[in-house]
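Visitor: Got a structure for you, written out below as structure tokens; questions coming shortly.
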Amino acid sequence: MIQGLIDAFGPMALFWTFVGTASGILVGAIPGLGGGMLMALVLPLTFSMQPLDAILLLIGIHVGSVSGGLISATLLKMPGTPSSVMTTFDGHPMAMKGEPERALSLGIVSSLIGGLMAGVALALLAPPLSYWALKFGPWELAALILMALVLVAAISKGSTLKGLFAATLGVVAALPGLAESDGQLRYTFGVDDMATGFRLLPVLLGVFVVSQLLNETDKALGKGTVIKLGKRSGFPTLSVWKSYSGNILRSSVIGTFVGILPGVGASISAMVAYGIARTFSKTPEKFGTGHDEGIVASETANNANVGGAMIPLVTLGIPGAPVDALLLGAMVMHQIQPGPLLFVTHGNLVWAMIAAYFISNIMMFGIMMGSYRKIAQVITIPAHYLVPVVFVLCVIGSYSVGNRLFDVWVMLGFGVLGYLMDRARIPLGPFVIGLVLATPFESELRTALQLSDGSLLAIFQHPMALLFVAFAVLMLALPMLRGRKASAVLPVTTKGADQ
Amino acid sequence: MRIELSAWFSLGLALFIATILFVGAQSISPPIFDPVGSAALPQACAVALIGGAMGIFIESALRAKKGIEAAVSAPLRPATLGILALMCGYLLAMQFGFGFLLPTIFFTAVAIPIVAKSRKAVPFAIVTALLLGFGCQALFSSVFFVDLPVMK
């Protein structure tokens, strides 16, 4: 543990954490770009880096990008990242009332507190959870991954069926190539390049970045008008913060808890926290008109989500959010296998990651408080410059994985698939989680079945595995039952029912 | 009764992929050491995909029957199709040995005015394209040591 903390405070580690946080804030602030996009683009550049530096850079990007979205949400009324959508509701009206500095200060401090509180949860919960998970055998691990997949599908945006469909598509995308369990080639169709299957990075670049570029072309976002910032700081007094302590604590807990649930991103955390803050508020009617409490709830929860999502990642090897699948992919690319054994095999690295998460949050606070006026000047890059430039970077990133154009075609193919899925309102989050978890799921399930001579009934000898499966079934059944109840009281005409 | 386009898309995609999965599973050797084999998961996925797509289709049909309006996606801009074609052309140019530099410059110079839907963007597009092409070539070849495609 001590060595991990020392590693995180090394000059190079601090440098990469700072670079990640600063670039994450900038990219998060630019509408149309996002942390996932930057992480996918940066991944190939980390091949030559030390694993610790690479992972700290990505953690910095993750923390920075979730926070950076606040600036454009407040000043442009365009959330830089989906996690800042709820901030738009109160941040922008407050800025329009002539208090943009106050809106930004509230958001930045709330982000810091939410991030740090989730960090405490990460540091306290991860070690015991990891040691508990060490007792898991193949049955438990297979059931746990199945539960994660079902959970992702059940609570993702849109219908549960579409979530499940997307998760299955993700599993299918991981099938071609060499089967890990017995070394058999599958679905190569005589193409030599297919022997390695679809490599993770081109698929992630396609789904996360290229599909988004096509979406941006569709929207053809114009150059927004930035609200001018004055010279005053607008920093709320201590008594104001004291009055919001309950909101902050509640939103931090919500953000962290929602983050722990596999596949649920920061945007859901912010929505839930905002909704609950409104319910508990003495002045709910002020929400949406530039109310402090709305900004505090949204920004505290979306930053807390980042730390919460790291808990299942480092302890179970299950990404807490779609963006965490990139972090998981980066760890695998650097020969680090996330999961229960991570604390045993790479204990120093895990503690360095946890420390870097705290450092990144503090850096985020410093960078954003010190430079939000400067960032506000560069957030209106028009989409027509972003689309070709980012696509060229994607091409280089995909090509660099194996020096072959096949991977670049794979990226484009998955980009088009992601774009079509998005248009059909099939969520992309479960797809990415399915893609990342397919190989360990198949491997664990086949090992489990080998141990039980092919009998699925052997799961009854593993209560924990049975509990995971039961939870998965419950997760599947609940939204369907709720949907049936809701449809019974639904008005005849509902626009956007599919969303 | 109008079934959503997304339901048709899901069904078509599921049938297409499931067919590939079932056909491909025939050429996978039967298991030797383990009772499941490498064809089991693909076959299970094929069934799940068809089941899921059928579910989405039925869900959509039930909504249509109840008179609930289908969610309509934003119209597809011709610029998006143009950019997609340009992306394919860019990759094809590299595939046919034109290297990295020239296709990148051409792609960027053409893509910016298409997305901007303005001819006024052409001069800026050319400058951006030259900067991006030569900049990336220098940066990735000399700093990050990525062997970018070369002209044959």
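Visitor: Mind checking whether some residue in the range B:42-54 is polar (S, T, N, Q) and either within 18 Å of the chain's Cα centre (by Cα) or within 9 Å of chain A (Cβ to nearest Cβ) (or both)?
Guide: No; the residues of the range B:42-54 include none that is polar (S, T, N, Q) and either within 18 Å of the chain's Cα centre (by Cα) or within 9 Å of chain A (Cβ to nearest Cβ) (or both).
Visitor: Got at least one residue in the range B:61-76 being more than 7 Å from chain A (Cβ to nearest Cβ), within 30 Å of residue A:184 (Cβ to Cβ), under 22 Å from the mean Cα position of the chain (by Cα) and without any contact (Cβ under 8 Å) to a residue 40 or more places away in the chain?
Guide: no
Visitor: Now, a different point. Identify, from the list B:38, B:29, the residue that is surrounded by fewer than 18 Cβ atoms within 10 Å (Cβ to Cβ), hydroxyl-bearing (Ser, Thr, Tyr), in a loop (DSSP other than H, G, I, E, B) and facing another protein chain (nearest Cβ under 9 Å).
Guide: B:29
Visitor: Quick check, is residue B:14 of a type in the set (A, V, I, L, M), out of contact with any Gly (no Cβ under 9 Å at 6 or more places or on another chain) and more than 7 Å from chain A (Cβ to nearest Cβ)?
Guide: In short, no.
Visitor: Filter the range A:10-29 for residues that are open to solvent by less than 10 Å² (accessible area, probe 1.4 Å) and within 26 Å of residue A:76 (Cβ to Cβ) and give the result.
Guide: Correct list: A:20, A:21, A:24, A:25, A:28, A:29.
Visitor: Pull out all pairs, ordered by first then second residue, where Cβ-Cβ is under 8 Å, the residues are six or more apart or on different chains, the first lies in the range B:112-127 and is buried (at least 21 other Cβ atoms within 10 Å of the Cβ), and the second is of a type in the set (Phe, Trp, Tyr).
Guide: B:112/A:385; B:112/B:124
Visitor: For residues that are more than 10 Å from every other protein chain (Cβ to nearest Cβ) and either open to solvent by 80 Å² or more (accessible area, probe 1.4 Å) or among the hydroxyl-bearing types (Ser, Thr, Tyr) (or both), tally how many sit in the range B:131-146.
Guide: Final tally of qualifying residues: 3.
Visitor: Tell me whether the range A:396-415 contains one or more residues that are under 30 Å from residue A:143 (Cβ atoms), crowded, with 23+ Cβ neighbours inside 10 Å, in contact with a Pro (Cβ under 8 Å, 6 or more places away or on another chain) and touching a residue at least 40 places away in the same chain (Cβ under 8 Å).
Guide: Within the range A:396-415, one or more residues are under 30 Å from residue A:143 (Cβ atoms), crowded, with 23+ Cβ neighbours inside 10 Å, in contact with a Pro (Cβ under 8 Å, 6 or more places away or on another chain) and touching a residue at least 40 places away in the same chain (Cβ under 8 Å).
Visitor: Of the numbered conditions (1) open to solvent by 40 Å² or more (accessible area, probe 1.4 Å); (2) in contact with a Pro (Cβ under 9 Å, 6 or more places away or on another chain); (3) of a type outside the set (A, V, I, L, M, F, W, C), residue B:66 satisfies every one except a single condition; which is it?
Guide: (2) is the only condition that residue B:66 fails.
Visitor: Which of the residues spanning the range A:446-463 are more than 10 Å from every other protein chain (Cβ to nearest Cβ), surrounded by 17 or more Cβ atoms within 10 Å (Cβ to Cβ) and part of a helix (DSSP H, G or I)?
Guide: Answer for the range A:446-463, where residues must be more than 10 Å from every other protein chain (Cβ to nearest Cβ), surrounded by 17 or more Cβ atoms within 10 Å (Cβ to Cβ) and part of a helix (DSSP H, G or I): just A:459.
Visitor: Here is a further query. Looking at this structure, is residue A:277 farther than 24 Å from residue A:150 by Cα, open to solvent by less than 10 Å² (accessible area, probe 1.4 Å), free of Cβ contacts under 8 Å to residues at least 60 places away in the same chain and in a helix (DSSP H, G or I)?
Guide: Judged against the criteria, residue A:277 is a match.
Visitor: If you scan the range A:288-301, which residues turn out to be over 20 Å from the mean Cα position of the chain (by Cα) and either under 27 Å from residue A:261 (Cα atoms) or small (Gly, Ala, Ser) (or both)?
Guide: Listed by number, the residues that qualify are A:288, A:290, A:293, A:294, A:295, A:296.
Visitor: I'd like the full set of residues that are small (Gly, Ala, Ser), open to solvent by 10 Å² or more (accessible area, probe 1.4 Å) and touching a helix residue (DSSP H, G or I) at 6+ places or on another chain (Cβ under 6 Å), limited to the range A:104-147.
Guide: Across the range A:104-147, the qualifying residues are A:121, A:123.
Visitor: Tell me, please, whether a residue that is open to solvent by less than 50 Å² (accessible area, probe 1.4 Å), modelled with pLDDT of 85 or more, over 21 Å from residue A:325 (Cα atoms) and within 11 Å of another protein chain (Cβ to nearest Cβ) can be found in the range A:475-483.
Guide: No, there is no match, as no residue in the range A:475-483 is open to solvent by less than 50 Å² (accessible area, probe 1.4 Å), modelled with pLDDT of 85 or more, over 21 Å from residue A:325 (Cα atoms) and within 11 Å of another protein chain (Cβ to nearest Cβ).
Visitor: So, in the range A:425-445, of the ones that are of a type in the set (Val, Ile, Thr) and crowded, with 22+ Cβ neighbours inside 10 Å, which residue ends up nearest to residue A:150 (Cα to Cα)?
Guide: Per the criteria, the residue is A:433.
Visitor: I've got another one for you. Mind listing whichever residues of the range A:157-189 are open to solvent by 10 Å² or more (accessible area, probe 1.4 Å), more than 20 Å from residue A:445 (Cα to Cα) and within 10 Å of chain B (Cβ to nearest Cβ)?
Guide: Of everything in the range A:157-189, those that are open to solvent by 10 Å² or more (accessible area, probe 1.4 Å), more than 20 Å from residue A:445 (Cα to Cα) and within 10 Å of chain B (Cβ to nearest Cβ) turn out to be A:158, A:159, A:160, A:161, A:187, A:188, A:189.
Visitor: Considering only residues that are open to solvent by less than 30 Å² (accessible area, probe 1.4 Å), part of a helix (DSSP H, G or I) and of a type in the set (Gly, Ala, Ser), which ones fall in the range A:339-370?
Guide: A:347, A:352, A:355, A:356, A:360, listed by residue number.
Visitor: Output the qualifying pairs, or none if there are none: Cβ atoms under 6 angstrom, residues six or more apart or on different chains, first residue in the range A:113-135 and touching a residue at least 60 places away in the same chain (Cβ under 8 Å), second residue part of a helix (DSSP H, G or I) and open to solvent by 50 Å² or more (accessible area, probe 1.4 Å).
Guide: The qualifying pairs are A:119/A:358.
The values are calculated or read from the model by the stated rules, or taken from the named source; none is laboratory data. Not measured: the values here are computed from a predicted model. Note that each Cβ is placed from the backbone with ideal geometry, even for glycine, and that neighbours are counted across all protein chains shown. Only protein heavy atoms, including side chains, enter the accessible area calculation; ligands, DNA and RNA are left aside. Shrake-Rupley method; radii C 1.70, N 1.55, O 1.52, S 1.80 Å.
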